[in-house]
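Have a look at the structure below, then the notes.
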Amino acid sequence: MRRRKLVRWLKFTGIGVAGLFLLFLLLNWIFPLPDKIEYSTIITDDKGEVIHAFLTRDQQWRMKTELREISPLLRKTIVEKEDKYFHHHPGINLFAMVRAVGRNIVHMRRTSGASTITMQVARSLEPKKRTYWGKVREMFRALQLEWHYSKDEILQLYLNKVPYGGNIQGVKAASVLYFKKNPDHLSLAEITALSIIPNRPTSLVMGRNNDRIIEERNKWLRRWAREKVFTEKEIADAVAEPLTAARGAVPAFVPQLAWKLKKRGGPIIHSTIQMNTQLKLEKLVKDYSRTLALKNIRNAAVIVLDNQTHRVVSYVGSADFRDSLDGGQVNGAMAIRQPGSTLKPLLYGLCIDEGLLTPKRMITDVPINYNGYAPENYDRHFNGYVTMEYALEHSLNIPAVKSLRALGKDKLIRKLTDCDFRQVDRDRKKLGLSMILGGCGATLEELTGLYSIFANDGKFVRPMYVMTDSIGKGVKVLSPAATFMINETMSKVNRPDFPLNWESTVHLPKIAWKTGTSYGRRDGWSIGYNKRYTVGIWVGNFSGLGIPEISGANVATPLLFTVFNTIDYDDDASWFGQPADCDVRTVCSETGLPPMDECTHLVTDYFIPLVSTAKKCDNRQEVFVSADERLTYCRVCLPQAGYKKKWYTMIPPEMKEYYDMNHISYQRIPPHNPACEKVFREEAPVVTSPANGSEYLINRKDPEPLLLRCRVGNDVAKVFWYINDKFYKSGEAGSKAFFVPEEGPVKISCTDDKGRNRNVWIRVKYVNL
């Protein structure tokens, strides 16, 4: 009989438990746990220390404590004080509840509570007025928490939500604001002091009631000593520890980068910033900007990139973030500006990889006009023949434009897009040859990342701003050989862009660098690198105000050198070695091409086997001339006698014009035999003015004549001009002529004394100005 009753009781009990469990699951589905917590976004440095934080939308400092930050000491102290049996109950401690009810009945008032840590978390997630029904709801939420989370996660939720007075919530926010450290670095005395504040947050205010906090803290410490929770020495050290903490300011370092990273979302963002370096450079940039303020140059930005790890270790967005007068809150590192000449190293590297150039290859630096686009050098002078390395060292504009035209702008745009140049990608259809001189948009972030390729064998790896970013395989932009050649050129100290009055380079580590100045002198750039770091510098005004004193060499490079002296002082690390795909050959110094037998001036040059051109130098040619050297002959008109052979240097028409303009003597080839019946069709004159296909607006009241000018070969002495197929004027080769055109389409023809002709068309419109 008893056995039958026992079985029946167990059956009904099991059914009851199962029913309650099913009811719990049903209620859990109907009333989901409100466990979505908005945390303050915090930015940490590379060591995990908080360097910037943002308020939540409800204006709370609620910083998320990660599980790894809950030290064994913190865990033990909180559990001992708040809920000894935390690890042994399902969220509700029935024995504690019975004991609390009994005590309250005996004393006829509330003397103790029975809330577990889990129940306190439930109350914080869904704060309500304390009632009996509210207590039941709290218990249900506690069971839900135990169902959804582990004990460690529940303790983490408690530590993230516990109030510490004012708008401070969570142990991490309290430890940062009161003790300026992370929770895993708190001592026993500090943890105990923090643990008593949530019970009386208005009467125990850190920094105001420290004596009372110490008194309460020591009561708990002595209690734990009696219960032997901690050793006597641990208790004695904690009791003796003074409490001088007060609420401090929330860290607000690296403000521009912090706002940039905040957009990524998430409660904790582990940045790659090294705070020691960051603080040094912030002060350095601020002090340097003060010296430039006398010239009305107000701002600067700096980025430092570690070339081995590809991490951004320092990020200074402006000279002074708190300077509202000069736009200190603007992020100069992200601002889209004209890059000046800073893209030239990439261009020349691409030309080397295409076999178009080598360091000693000659380029003509003379006036050019491409469909109306006539660039000038920075100093508005021309240099004639220059090598590629000279053009890069002196940042000459015309050789760069010529090289881009030979390479093709689309190839440069593709490479820049591969290197994350977003504005260039957006404007790719609008960009022209002027982009190599700064006629495009770029940021300091992009340029610093681009220059890191020269320290990584030509491979671009996206700079890392967050520790959790993946490096990836990277993108090959240049060959190691081309990278090495550019490095050798840009590391030379004896350059015109070396800053004036720079006091010392004795301890400056060996670096390569390139400067840039935008149109209108609005931006000064200097980007440098060595094996360890790539440093990007921008100097100018956020307002876009141009200042005559702004130039990359004189205002940006001194800051670049100072930064390198600060972060890599007196470094004697090895320089970049010559890669396997780079070799050395002998070339003619007059062209940079492999020499022919007649070349007498030879130099050595780097080249890429099977890539660099193997074309022989054709600078000198043997010409048939008359005995008195007044006429030249071709094989068609060569007489049977009365001639001789003579070697001449072949000068292209643009160089002939350059020599004539600058009154530089050169060896002229005598005119061709006038009796020759051959029709010359090669090397026709090139009309440089007016520009073919252009439209000209002329003042009807005061018409201004148009310039007629052409470029001819070395053997041409005279040219003839025709307007709309009617003879207009003749003149010596290289001379200028002017004419006033009629309205409408105008055909202009230029014929040289060899019968070679070139036509151009323009359109003329008369307007009232």
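At full extension, Ser694 and Tyr85 could sit 210.3 nm farther apart than now, given 0.36 nm per residue minus the alpha carbon distance. Seen against the Cα atoms of the chain and their longest principal axis, helix 72-82 is set at about 40 degrees.
The charge dipole of the chain, taken about the Cα centre with unit charges on the Cβ atoms of Lys, Arg (+1) and Asp, Glu (-1), comes to about 4860 debye, rounded to the nearest 20.
Have a look at Ser694, Thr534, Leu350 and report the one farthest towards the positive end of the charge dipole of the chain, computed about the Cα centre with Cβ charges (Lys/Arg +1, Asp/Glu -1). Ranked along the dipole, the leading option is Thr534.
Note on Lys430/Lys476: beta-carbon distance plugged into 1/(1 + (r/R0)^6) with R0 of 30 Å gives a FRET efficiency of 0.65. Each distinct pair of alpha carbons in the chain adds a 1/r term; the inverse of their mean, the Kirkwood radius, is 33.0 Å. Checking the Cα-Cα distances for Lys473/Lys510; Lys260/Lys415; Lys459/Lys492; Lys64/Lys180; Lys409/Lys430; Lys161/Lys228 against a 18 Å cut-off, the pairs over it are Lys473/Lys510; Lys260/Lys415; Lys459/Lys492; Lys161/Lys228.
The amide H of Val623, built 1.01 Å from its N in the peptide plane, has Lys646, Trp647, Tyr648 as neighbours under 5 Å, considering only residues 5 or more places off or on other chains. Of Cys676, Cys750, the residue with the largest accessible area leads and the full order is Cys676, Cys750 (1.4 Å probe). Note on Ile51: accessible area approximately 10 square angstrom, rounded to 10, probe 1.4 Å, nucleic acids and ligands left out.
Think of the chain as a dipole: +1 on every Lys or Arg Cβ, -1 on every Asp or Glu Cβ, centred on the Cα centre; then among Val625, Thr244, Pro703, Thr244 lies furthest on the positive end. Per-residue SASA remark: Ser203, around 40 Å² accessible (1.4 Å probe; ligands, DNA and RNA not included). Protein heavy-atom accessible surface, 1.4 Å probe, per residue over the chain: 50 Å². Just the protein heavy atoms count here, and of the accessible area of the chain at 1.4 Å, carbon and sulfur take up 53 percent.
Note on the chain: dipole from Cβ charges, positive end direction compared against Trp147, Trp525, Gln338; the farthest Cα belongs to Trp147. Only aspartates and glutamates eight or more places from Lys360 in sequence, or on another chain, were considered; those with a Cα closer than 14 Å are Glu389, Glu393, Glu488, Asp583, Glu590, Asp605.
For Thr468, the accessible surface of its heavy atoms amounts to roughly 110 Å² (probe 1.4 Å, protein chains only, rounded to the nearest 10). Here segment 363-461 is assigned +1 on the Cβ of each Lys and Arg and -1 on the Cβ of each Asp and Glu. Its dipole about the Cα centre then comes out at about 500 debye. Across Leu186, Leu356, Leu602, the residue with the most accessible area heads the list, and the full order at a 1.4 Å probe is Leu602, Leu356, Leu186.
Cβ-Cβ distance of Arg130 and Lys263, R₀ of 30 Å, FRET efficiency by 1/(1 + (r/R0)^6): the value works out to about 0.15. A cut-off of 5 Å between modelled amide H atoms, ignoring neighbours fewer than 5 places along the same chain, links Ile51 with Ile43, Thr44, Asp45. Using C-alpha pairs under 8 Å with a sequence gap of at least 6, the mean separation divided by the residue count of segment 375-451 gives a relative contact order of 26 percent. Relative contact order, whole percent, for the chain stands at 9, derived from Cα pairs under 8 Å and 6 or more residues apart. With the simple spin-label model, which puts each label point 7 Å out from Cα in the Cβ direction, the Glu629 to Ala675 separation comes to 2.3 nm. Relative to the Cα centre, the charge distribution of segment 683-747, modelled as +1 at Lys and Arg Cβ and -1 at Asp and Glu Cβ, gives a dipole magnitude of about 120 debye. Taking each residue as 0.36 nm, the span from Glu598 to Arg137 lengthens on full extension beyond its C-alpha to C-alpha distance by 155.9 nm. Our helix-only sum for the chain, with -39,500 (n - 2.57) per DSSP H run of n ≥ 4 divided by its residues, gives a mean residue ellipticity at 222 nm of -9500 deg cm²/dmol. Here Gln308 and Ala641 are evaluated by their C-beta separation; at R0 = 60 Å the FRET efficiency comes out at 0.20.
Protein-only accessible surface at a 1.4 angstrom probe places the residues Tyr529, Tyr728, Tyr659 in the order Tyr728, Tyr659, Tyr529, largest first.
Between Tyr373 and Gln423, the modelled label-to-label distance comes to 1.8 nm, taking each label 7 Å out from Cα in the direction of the beta carbon.
Expressed as a rounded percentage, what relative contact order does segment 129-188 have, with Cα pairs under 8 Å and six or more residues apart? It rounds to 15 percent for segment 129-188.
The gain in end-to-end length when the Lys151 to Arg222 segment is fully stretched comes to 22.8 nm, 0.36 nm per residue minus the alpha carbon separation. Here each label is just a point 7 Å from Cα along the line to Cβ, and for Leu26 and Glu742 those points are 10.2 nm apart.
Rounded to the nearest 5, the antiparallel percentage of DSSP beta bridges internal to the chain is 85%.
The values are calculated or read from the model by the stated rules, or taken from the named source; none is laboratory data. It should be emphasised that the depicted structure is a prediction, and the values quoted were computed from it without experimental measurement. Please note: Cβ atoms are built from the backbone with ideal geometry, for glycine as well, and neighbour counts cover all protein chains shown. For the accessible areas, the whole protein counts, side chains as well, though only heavy atoms, and no ligand, DNA or RNA atoms are used. Shrake-Rupley method; radii C 1.70, N 1.55, O 1.52, S 1.80 Å.
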